[in-house]
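Please treat every number below as a calculation from the coordinates, not as lab data. Quick caveat, the model's predicted, so the values are computed rather than measured. Glycine gets a Cβ as well: all are built from the backbone with ideal geometry, and neighbour counts include every protein chain shown.
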Amino acid sequence: MIDLYYWTTPNGHKVTIFLEETGLAYAIKPINIGKGEQFAPDFLAISPNNRIPAIVDHAPPDGGGPLSLFESGAILLYLAGKTGRFYPADLRGRCEVAQWLFWQMGALGPMAGQNHHFAHYAPEKIPYAIERYVKETGRLYRVMDKRLADREFLAGDYSIADIASYPWVLPERQGQDIDAFPNLKRWLATISARPAVERAYALIPSVNPNAGGIRTEAERKVLFGQDANTVK
């Protein structure tokens, strides 16, 4: 059994998608980041960066005691290794998947996240910041669209690179016209139609019935008011 410390964010969805794709037994442990549950000592012992997702695998492949991991990319690599799924066995295939996984972690996720922040969450609408991140998101969409011109998925076969990237491609929310990226549009439709992806997203209402935005100043302070003093 795997304990999944989860909230209904793109990074959280990466792990539910993988778990649903592979059929691994897991239990969701909700961490309401708007209420500050990510700062609880028990959670920090698993995820010292006070971010979801995190997991505890009670049956790791080495036969040892429970194994905890934080960071969504590290979790996907671990689970892919545990199951032998969505990560090639050959060296060159693994390199293809790894570089696109790290591209998501270092580019698509952070840039789209800043897009969301300045366009939807910042109390002051700063035109320069909004334009900066909307443009950069568009550039990253074009990188994906070009990559997908001659292959179905980012690294050829469906992989953890696609699982990591899919939750972060939200055209309307990110100020993008998906029709301008036909290959990316096809990729989105293909992944969204996978039964495991449908099951993963169907978990949202039961975990977070109020998903969809920040409603109070208290939530805003918890999510965006952190500094060095937050780290205990």
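Things to note:
- Computed from backbone phi, the HN-Hα couplings of the stretch 122-130 come to 4, x, 10, 7, 9, x, 4, 5, 4 Hz, rounded to whole numbers (Karplus: 6.51 cos²θ - 1.76 cosθ + 1.60, θ = phi - 60°; Gly and Pro given as x).
- Unit charges at the beta carbon, dipole of the stretch 2-85: most positive-side option, T22, G12, G63: G12
- Helix-only mean residue ellipticity at 222 nm for the chain, each DSSP H run of n ≥ 4 adding -39500 (n - 2.57), per residue, nearest 500: -13500 deg cm²/dmol
- For the stretch 190-197, 3J(HN,Hα) per residue [Karplus equation, 6.51 cos²θ - 1.76 cosθ + 1.60, θ = phi - 60°, Hz, x = Gly/Pro]: 4, 6, 4, 7, 5, x, 5, 5
- Of the three principal axes defined by the Cα atoms of the stretch 74-195, the extents in descending order read 48, 28, 27 Å.
- Globularity index of the stretch 138-232 is 1.36 (Cα radius of gyration / 2.2 N^0.38 Å, N = number of residues).
- Cα-only radius of gyration and Dmax that characterise the stretch 2-85, units Å: 12.1, 36
- The stretch 18-39 versus the stretch 178-232: alpha-carbon centroid distance in Å: 13
- Percent of C-alpha pairs per 5 Å bin in the chain, short distances first: 1, 6, 13, 17, 19, 18, 13, 8, 3, 1, 0.
- Rounded to the nearest whole Hz, the Karplus-based 3J(HN,Hα) values (6.51 cos²θ - 1.76 cosθ + 1.60, θ = phi - 60°) of the stretch 147-155 follow the sequence 4, 8, 5, 10, 8, 6, 10, 4, 10, with x at glycine and proline.
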